[in-house]
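A quick write-up on the structure given underneath.
The values are calculated or read from the model by the stated rules, or taken from the named source; none is laboratory data. Predicted, not measured: the structure shown is a model, and the values here were computed from it. Note: ideal-geometry Cβ built from the backbone for every residue, glycine included; neighbour counts use all protein chains shown. The accessibility values were calculated without ligands, DNA or RNA, using every heavy atom of the protein model including side chains. Shrake-Rupley method; radii C 1.70, N 1.55, O 1.52, S 1.80 Å.
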Amino acid sequence: MQTEMELAVWPSDFGLASLDVACLQSMVAAKIAAAPVKFRFSTRPGESPAGTLPLLIHGDTKLTNFEDIAEHLRNLKQEVVLDGELTPNQRVEFFAYASYLRSRLYPALLHTLWVDNHNYNTVTHHWYTSKLYFPWNLFYLEKRRKFAQNYLKTVGKGEAELIKEALQTLNLLSSKLGDNKYFCGDKPCSVDALIFGYLAPLLKLPLPSDRLYLHLSSLPNLSRFVESIICIYLPLPDELIRQQNIEKQTWEKRKSKAQRTAEENRLRKEQKKSETEQSNASSLRDTLLFGMGALTLSVLFAVHTGMISFIGEEDDKLDVGKN
């Protein structure tokens, strides 16, 4: 009999079984593999060797990285094997997708959740602070945000480029999925778990800076894909759904307020920029007028005092005649 495993994950919210990308990926992979995994909500990332969740415990084995968790599920000796029906080429696709999304979508997701001030202050900071105990919440949030900032500094791309690449990646995923239900055939696999984990938070979290959400929601096949995975593999209890729907109103108010503040700040910056440009233009005009006036007065003064004299053409002829 297969030994039961335990997967510690961040708690559920916003219609998702967990808020964290890797937690969602690991949960879906475990469900697809029909593995004997017990999910346990945790707000103590310190119990993990990596200092963050998820944490898969199987006997003496402890795994915190989704790729390692997926590989562990593939090697389980049970009737249903994760990716068991995939061809060797399709199995290689998992690592290709993992590498591609890590370089193209993960940085934008980090920026969206941990670096963008409006999103961080409205959702990320508020949510984690409410779940973690004091003073660990302050330390953990600072640690995660520092990691995101340093990671993006290493990537060396600005916000505009990160978002552009993410939008292009969403378009590519939508094209790849097409009218199919899953990415590698008629049955789900680890690739679906991988992609779902990236897309679900973008689609479900009430983020004020919502350009990625707006684009993702405009791609109906990707939206259906996310909703299908939730419905089949990670459905929430009715009581939890009702509770989250009540809290959703508060989150939406926070989102709306943050968006209004962002818009006001944007308009204020534009107004200040316009005033500065007008001031600079006025200053330049005044300088030119002053310079022209000063030059005119100098010339008139010089002529009046005889410092400058004008010799006409007739005078030149007379001088020539005398000579």
* Asked: When both residues are 6+ apart or on different chains and their Cβ atoms are under 7 Å apart, which pairs have a first residue that lies in the stretch 84-100 and is in contact (Cβ under 8 Å) with a residue 60 or more places away in the chain and within 24 Å of Ala166 (Cα to Cα), and a second that is of a type in the set (S, T, N, Q) and open to solvent by less than 90 Å² (accessible area, probe 1.4 Å)?
  -> Phe94/Ser190
* State yes or no: is Leu205 modelled with pLDDT of 95 or more, in contact with a Phe, Trp or Tyr (Cβ under 9 Å, 6 or more places away or on another chain), open to solvent by 10 Å² or more (accessible area, probe 1.4 Å) and not basic (Lys, Arg)? => yes
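Results for (1) exposed (fewer than 12 other Cβ atoms within 10 Å of the Cβ); (2) among the hydrophobic types (A, V, I, L, M, F, W, C); (3) modelled with pLDDT under 95; (4) over 13 Å from the mean Cα position of the chain (by Cα), shown as yes or no for each residue.
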{"site": "Arg145", "(1), (2), (3), (4)": "no, no, no, no"}
{"site": "Ala148", "(1), (2), (3), (4)": "no, yes, no, no"}
{"site": "Leu152", "(1), (2), (3), (4)": "no, yes, no, no"}
{"site": "Gly156", "(1), (2), (3), (4)": "yes, no, no, yes"}
{"site": "Glu159", "(1), (2), (3), (4)": "no, no, no, no"}
{"site": "Ile163", "(1), (2), (3), (4)": "no, yes, no, no"}
{"site": "Ala166", "(1), (2), (3), (4)": "no, yes, no, no"}
{"site": "Asn171", "(1), (2), (3), (4)": "no, no, no, yes"}
{"site": "Ser175", "(1), (2), (3), (4)": "yes, no, no, yes"}
* Enumerate the helices (runs of 4 or more DSSP H) found wholly within the stretch 1-116, keeping only those where 2 or more residues are under 26 Å from Thr129 (Cβ atoms) and touching a Leu at 6+ places or on another chain (Cβ under 8 Å). => 21-32, 106-110
* Among the candidates Glu79, Glu93, residue that is open to solvent by 20 Å² or more (accessible area, probe 1.4 Å), touching a helix residue (DSSP H, G or I) at 6+ places or on another chain (Cβ under 8 Å) and of a type in the set (Asp, Glu) -> Glu93
* Asked: Of everything in the stretch 1-51 that's aromatic (Phe, Trp, Tyr) and farther than 11 Å from Leu234 by Cβ, which residue is surrounded by the most Cβ atoms within 10 Å (Cβ to Cβ)?
  -> Trp10
